[in-house]
Amino acid sequence: MSSAYGFIEISGVAAAVDVLDIMCKAADVSLATWERKLGGRLVTLVVEGNVEAVKTAVEAGVDSFNVRKPAVYGVLPNPHPEIRRIVAISASRFKGRGEEVSGSKMLGQDPPDFNIKEQMSTDEESKIRRK
């Protein structure tokens, strides 16, 4: 279990990959998860490790950006269990497990009842029934 999380939010996927590379090379941290918003125009990276390593990694990522300056960043030493749960939910999607947590909306996800293909077929069925 990690003892800290580091967060950097930056504009663009390419910039995020660049910053992540810098962070992982600067200290012994690993990518816990990442979230893309607005089609990847805003990316939040979450790294994990011991407190000093995470601080070093975040500082290196913020100070050594090559593409864009991070929008916001932070370090959470000894995160609350709810923060760990949120990161785990995000990580399950990121790592392809797609685990659902009942009653919660995952970060950056459309509402579970929204499915454009399903919605279109339902609308077409309604039109047919009306005729």
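Length available on full extension from Lys37 to Glu52: 0.36 nm per residue minus the Cα-Cα distance, which gives 2.5 nm.
Could you work out how far apart the two model spin labels at Ser64 and Lys25 are, taking each label as a point 7 Å from the Cα in the direction of the beta carbon, and quote it in nm? Rounded to a tenth, the inter-label distance reads 0.6 nm. The orientation-averaged shadow of the Cα convex hull for the range 17-61, equal to a quarter of the hull surface, comes to 2.8 nm².
Computed packing ranks the peptides 3-9, 13-19, 72-78 as 3-9, 13-19, 72-78, most packed first, by mean other Cβ atoms within 10 Å.
Each value in this text was obtained by applying a stated rule to the coordinates, not by laboratory testing. As the structure is a prediction and not an experimental result, all values here were calculated from the model. When we count neighbours, we look across all protein chains shown, and the Cβ atoms used for this are built from the backbone with ideal geometry, even at glycine.
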